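Asker: After the structure tokens below, expect a handful of questions from me.
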Amino acid sequence: MANDRLHFGWFIPTRGDETRIGDPTAHQEPSFEHFMEVADACETAGLEYTLVPVNPTCYEAWVTCSMVAARTTKLKQLVAARPGYIVPTLMAKMIATFDQMSEGRIAVNLISTTSPADGLFYEHDERYEVMDETCEIMKLVWSNDHPVDYDGKHFKLRGAFVQPKPYQQPRPRSYIGGVSPKAREVSAKHADCHLFWGERPEEIAEIIADIRSTAEAQGRDPAEMDFGMRLQIILRETEEEAWDSAWDLISGAPDEFKQRIAAVAGGDSHANQRQQAQVSAAAADDYRIGPHLWTGISTVRAGAGTSIVGNPEQVAATLQEFIDAGCTEFCLSGYPHDQAALDFGRLVMPYFADRVGV
Ligand SMILES: Cc1cc2nc3c(=O)[nH]c(=O)nc-3n(C[C@H](O)[C@H](O)[C@H](O)COP(=O)(O)O)c2cc1C
């Protein structure tokens, strides 16, 4: 896309929804019915896409996205996919088939995590090699009408040919997240959009500059790339209510739940390590890293824990700080996800109405 238009997406909680994170009495079990409540809320709110994660505790992402796409008309699906779990030619076929059948309503969020529990033992940087080769192969088979060969470190193909070709041309968008040197390198080579978990806007601007210069060094026009934030939104009519809701949201998690989260977040993900370092550094400041940026959720949730907390004007102004830093995509969530999407659509989307879309 790589223009100034803004794109807003939302998260479907495929491991269940909650009003107080980690509190079993405030947990709503995952169900297709609730995924559709969130998806319908997103369409009503004028959000462009939903992100569906991949994780052992979640419903399976491809199946969920297919079912949601079949029941919606405008909403796009950003499906999380782990290279290495699906061989590249099959992943190319799955994306292209989805793209054809939904008439262009798929993008893919390429995820570098793998798990020994699933029988895959790639090291951190090796996972990005597998991602790199997967992207190369998908581009190759989508753009060739004849069988092709490929010789990589992880994949060797003979006579590879994939039908159907994608509906979106030249291909559906790919997203990559992460802050490690290897994530930046592979993203600079392949991603249409690089996604960040929350950091301060000035830090995001620095990483964007680094990824753009890496892209340029690889011979790619850095203007082809978009950048986006994956953030939590805690939005209320008044600032005071928003902060009360923020603290309430993390008030029900038992200590052993928090310890489990800290252990997960302490893996080899640089992005997760940065989130946890941010939490430790901000603990004495009530987990605040800016007037309306809060890392409290990272005490009870791995991954995307940074939140914007405030009234509609404050939330919009904080999003604008990330736009000024170079972001045009916002992949957001709030608890519970259907009501939070409706509130965001009603109270914040109007601030960006003339800048949203293609
Ligand atoms: C927006 C975003 C969404 C992500 N979604 C998932 C996910 O669904 N499942 C998962 O296992 N990891 C997910 N990740 C984790 C990344 O794939 C990756 O492991 C992480 O960013 C660490 O990368 P790094 O060590 O290169 O910084 C996500 C990361 C980002 C930024």
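Asker: Residues in region 125-139: is at least one surrounded by fewer than 20 Cβ atoms within 10 Å (Cβ to Cβ) and within 11 Å of the ligand (Cβ to nearest atom)?
Answerer: So far as region 125-139 goes, yes, one or more of its residues are surrounded by fewer than 20 Cβ atoms within 10 Å (Cβ to Cβ) and within 11 Å of the ligand (Cβ to nearest atom).
Asker: Identify, by number, the condition in (1) under 16 Å from residue 185 (Cα atoms); (2) within 16 Å of the ligand (Cβ to nearest atom); (3) touching a residue at least 40 places away in the same chain (Cβ under 8 Å) that residue 107 doesn't meet.
Answerer: Condition not satisfied by residue 107: (1).
Asker: Looking at region 210-218, is at least one residue in contact (Cβ under 8 Å) with a residue 60 or more places away in the chain and within 13 Å of the ligand (Cβ to nearest atom)?
Answerer: No, that holds for no residue.
Asker: Just checking, which of 358, 264 is modelled with pLDDT under 95, surrounded by fewer than 19 Cβ atoms within 10 Å (Cβ to Cβ) and under 26 Å from residue 5 (Cα atoms)?
Answerer: One residue alone meets the criteria, 358.
The values are calculated or read from the model by the stated rules, or taken from the named source; none is laboratory data. Here the structure is a predicted model, which means the values were calculated and not measured. FYI the Cβ positions are ideal-geometry reconstructions off the backbone, even for glycines, and counts take in every protein chain you see.
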